[in-house]
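Peer 1: Structure incoming, see below.
We did not get these values from a lab; they are worked out from the coordinates using the rules stated. Predicted model only: the values in this text are computed from it and were never measured. Neighbour counts run over all protein chains shown; Cβ positions are idealised from the backbone, glycine included.
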Amino acid sequence: AVVVHGALIGAQLCFGVGSIVGKFGISGTNPVLFALIREGLAGPILCLCAFWMTKTILPRKEDLLRLILCGLCIFINQFGYIVGLKLSDPVSAAAWQPSQPIWTVLIVCLIGMEDWSVRKVLGVILSVAGAVFMVVYGSSAQGSSGWEGHIFFFFNCMGTSLYVILSKPLCRSGTYKAVSITAWSYIVASLTMLPTVLIFNAIPTLTNFICTDKEAAVQQACVDGKWDVPASMIWPLAYWILFNSILAYFLMTWGNQYAPASAVSGYTVLQPFTSEALCALLIAVAGASWAEKYNLEKPGLQFLGAIAIVLGLAVLLSERAVHREDLAAKRLTESAA
């Protein structure tokens with residue numbers, strides 16, 4: 001049990017550190033190009049890992065449509081995250097991640113896959129209130145692009161939630177391993193990201209938008225070098241491919257076999273606190289003026305929104321725990337009868 005929970009914690013730590021590392025990689029560069037290279041390299045690597053583990057190359061024809069939809073969700077997730085990170089700060093990016101299980105519950109209840117309950121409603125209300133607070137306060141604390149970054153984070157989290165919902169039948173079918181589903185989804189996401197990069201780089205207004213920066217010179221350098229892959233992008237790309245895309249997903253997939261889904265989702269609360277701690281450490285070591293270059297700031301009142309999201313997630317997890325206890329009591333009663 002210790003090893004399983006250690007794996008789940010390790011995955012979330014990778015993601016939390018990744019939000020800071022990613023900010024270094026997209027500083028003064030095209031974030032959508034960054035996402036394309038990340039997915040374009042991670043997809044084939046994941047496919048090789050999947051083949052090595054399962055000896056399966058292609059999915060069944062009847063599952064292609066669902067896998068394509070899963071890939072589009074991964075695309076929305078990655079596009080929303082990287083553009084949001086460009087427009088906002090890494091602590092805010094990590095602060096949004098614990099909301100993913102909440103959006104999942106909201107969607108499955110709205111479409112009738114699960115029933116509503118008082119705890120679910122309370123959890124959703126708390127988390128939505130926290131998200132709205134971060135968006136509203138972020139727009140005033142970070143300037144004109146602050147609220148836009150949070151909107152992209154919302155789509156990032158919704159993409160993940162929809163991916164979980166759409167991939168669940170594939171995971172439960174027993175036909176595929178989770179690593180295969182993830183690999184094929186990444187391939188679809190990378191194929192979708194390619195035309196997106198072409199469109200954003202071909203339209204000056206869109207190029208200027210994704211290259212938004214506090215310093216006009218940095219923004220112009222990004223626009224002029226929209227196809228450039230500078231040395232400053234290499235190491236962050238390597239981290240995101242090896243740790244965020246491969247190691248973290250492997251740890252989550254492996255841990256998901258042994259731990260309840262609530263535990264897997266619950267550990268997302270580590271992301272904002274990991275990013276906050278690393279951000280504070282970097283500011284203390286390198287100084288505030290250096291940190292400002294990468295939009296690294298100590299968490300302020302805006303971080304209260306993340307606390308509300310965590311509280312909402314805690315209420316949701318407590319509801320699931322009560323549900324499991326009720327099921328166990330029901331089974332015990334039935335067996336006694």
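Peer 1: Short version: ³J(HN,Hα) in whole Hz for each residue of region 242-249, in order, from phi by Karplus 6.51 cos²θ - 1.76 cosθ + 1.60 (θ = phi - 60°), x for Gly and Pro, what are they?
Peer 2: 6, 9, 5, 8, 9, 5, 4, 5
Peer 1: Follow-up question, since we're still on this one. Please work out the FRET efficiency for the pair residue 9 and residue 223, using the Cβ-Cβ distance as r and a Förster radius of 45 Å; give the result to the nearest 0.05.
Peer 2: 0.65
Peer 1: Give a residue-ordered list of calculated ³J(HN,Hα) values for region 12-23 (Karplus: 6.51 cos²θ - 1.76 cosθ + 1.60, θ = phi - 60°; whole Hz; x for Gly, Pro).
Peer 2: With coefficients 6.51, -1.76 and 1.60, one gets 5, 5, 4, 5, x, 5, x, 5, 6, 4, x, 5 Hz.
Peer 1: Right, something else. If you take every residue apart from residue 197 with its C-beta less than 11 Å away from the C-beta of residue 197, what net charge results, scoring Lys and Arg +1 and Asp and Glu -1?
Peer 2: 0
Peer 1: Let me ask another. Could you sort 19-30, 209-220, 224-235 so that the peptide with the highest average Cβ count within 10 Å comes first and the rest follow in order?
Peer 2: 19-30, 209-220, 224-235
Peer 1: Then there is this: Let me know the shape class of region 1-74, please: from the alpha-carbon gyration tensor, a ≥ b ≥ c as square roots of the eigenvalues, rounded when a/c is under 1.5, otherwise prolate if a/b is greater than b/c, or oblate. Before the final figure, lay out the partial values.
Peer 2: Working: a/c = 2.21, a/b = 1.21, b/c = 1.83.
Cα axes put region 1-74 in the oblate bin.
Peer 1: From the Cα gyration tensor of region 184-251, with a ≥ b ≥ c the square roots of its eigenvalues, which class applies: rounded if a/c is under 1.5, or else prolate if a/b is larger than b/c, or else oblate? Present the calculation step by step, with values, prior to reporting the outcome.
Peer 2: Working: a/c = 2.80, a/b = 1.53, b/c = 1.83.
Oblate, because a/c is 1.5 or more while a/b does not exceed b/c.
Peer 1: If R0 is 25 Å, what FRET efficiency do you get for residue 121 and residue 304 from their C-beta distance, rounded to 0.05? Write out the running numbers ahead of the final one.
Peer 2: Values: r = 21 Å, r/R0 = 0.85.
The computed FRET efficiency comes out at 0.70.
Peer 1: For residue 111 and residue 172, FRET efficiency with R0 = 25 Å and r from the beta-carbon atoms, rounded to 0.05?
Peer 2: 0.90
Peer 1: Need one word for region 36-180: rounded, prolate or oblate. Basis is the Cα gyration tensor (sqrt eigenvalues a ≥ b ≥ c); a/c below 1.5 gives rounded, then a/b vs b/c decides.
Peer 2: oblate
Peer 1: Continuing with this model, one more query. Take peptides 274-285, 88-99, 153-164 and line them up by average Cβ neighbours within 10 Å, highest first, as a rough protection proxy.
Peer 2: Ranking, from highest mean packing down: 88-99, 153-164, 274-285.
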